[in-house]
Structure formats: C-alpha cells, structure tokens
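Please read the structure below before turning to the comments.
FYI, it's all coordinate maths here, none of it is from the lab. Just so you know, these numbers come straight off a predicted model, no measurement behind them. Please note: Cβ atoms are built from the backbone with ideal geometry, for glycine as well, and neighbour counts cover all protein chains shown.
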Amino acid sequence: MEEYSDKVKDHYMNPRNTGIIENASGEGTVGNPVCGDIMTIYIDVDENEVLTDVKFSTFGCGAAIATSSMITEMAVGMTVDEAYNITRNDVAEELDGLPPIKMHCSNLAADALQAAIDNYRYRKENGEI
Ligand code: FES
C-alpha cells in the first residue's frame, strides 16, 4: 500500500473551497471514465479575467477530494488562461506526489476546471454574463 503525503492527507481531511457558487461565472462537470466518479467546479471571474473564487463538489474518492481542494487554492488569483493550463501533474506536484494508481483521480480536478472555464468563455461570447 502506497503512502499519501501529509499534504494529501491534510487536503482530504480539511478540504478547502467545497460547495457551490450561486450564479457562478462558469461551471463544469466531468466524470472519471476509470471509476465513474463525478466532479463539478464553479468559478467566479472578475473584469480582468482573474479567478476570484473557485469551489468544488464531488462524488469522488479521497484523492479526488484532495486534488480538487488543492486546485481551487492554486487557481484563485490566476487569470483564466493561466488556470486553464494547470495540469494534473502540476496538482500532484503541489501535493508532494500521488501514488501512481491514484493519478487518474487528479484528472477530475483539472478537467472540471477546464470545463468550467470553457463554460465561462462560452457564456461570455454569447452575452450571457
Ligand atoms: Fe474515482 Fe479517485 S477513484 S476519482
């Protein structure tokens, strides 16, 4: 059995930024084809294209919770373009590593954030926000 880093355990036990954002600038939901778990990320974006709030809710495992919690902290304060480029490896690195068998779980966080940004861009282009 591979050990989780202290940071992973901390974010799992005390997840940051859980919940939903009412009237969010964008939201994205993805499913993990490997395990069937589901993740939604909500973002608020200001007039300078900076993420001011990011929240997540998930039916995911502990690693999914930890990676989502981590990515919300990383993304706040970034521009949407910067946040779009966060990879699952960036998140895993920031958590001081994930067991290889759990790397697929970190796809959920990175993919859901990208989906939320796609949704934000679509809504902006269509004058919805
Ligand atoms: Fe499903 Fe980790 S086992 S997200």
Spacing of the two label points (7 Å from each Cα toward its C-beta) at E47 and E82, in nm: 2.1
Modelled FRET efficiency - R0 22 Å, D118 with C35, Cβ distances, 0.05 increments: 0.45
Contact order normalised by residue count of the chain, Cα under 8 Å, 6+ apart, percent: 33
Residue-by-residue Karplus 3J(HN,Hα) for the stretch 34-49, coefficients 6.51, -1.76, 1.60, Hz, glycine and proline x: 6, 10, x, 6, 10, 9, 10, 10, 10, 10, 10, 10, 8, 5, 9, 6
Residue-by-residue Karplus 3J(HN,Hα) for the stretch 118-125, coefficients 6.51, -1.76, 1.60, Hz, glycine and proline x: 4, 5, 4, 5, 4, 5, 5, 4
Residues I101 and K9, FRET efficiency given R0 of 22 Å [Cβ-Cβ distance, rounded to 0.05]: 0.85
Peptides ranked, highest mean first, by Cβ atoms within 10 Å: ranges 81-91, 98-108, 118-128: 98-108, 81-91, 118-128
Value in Å of the Kirkwood radius, where the stretch 6-73 supplies the Cα pairs that are averaged: 12.4
Interatomic Cα distance distribution for the stretch 34-91, bins of 5 angstrom, percent: 4, 19, 28, 24, 15, 7, 2, 0
Helix-only CD estimate at 222 nm, as mean residue ellipticity for the chain, using -39500 (n - 2.57) per DSSP H run (n ≥ 4): -13500 deg cm²/dmol
Calculated P(r) of the chain - Cα pairs past 25 Å, %: 19
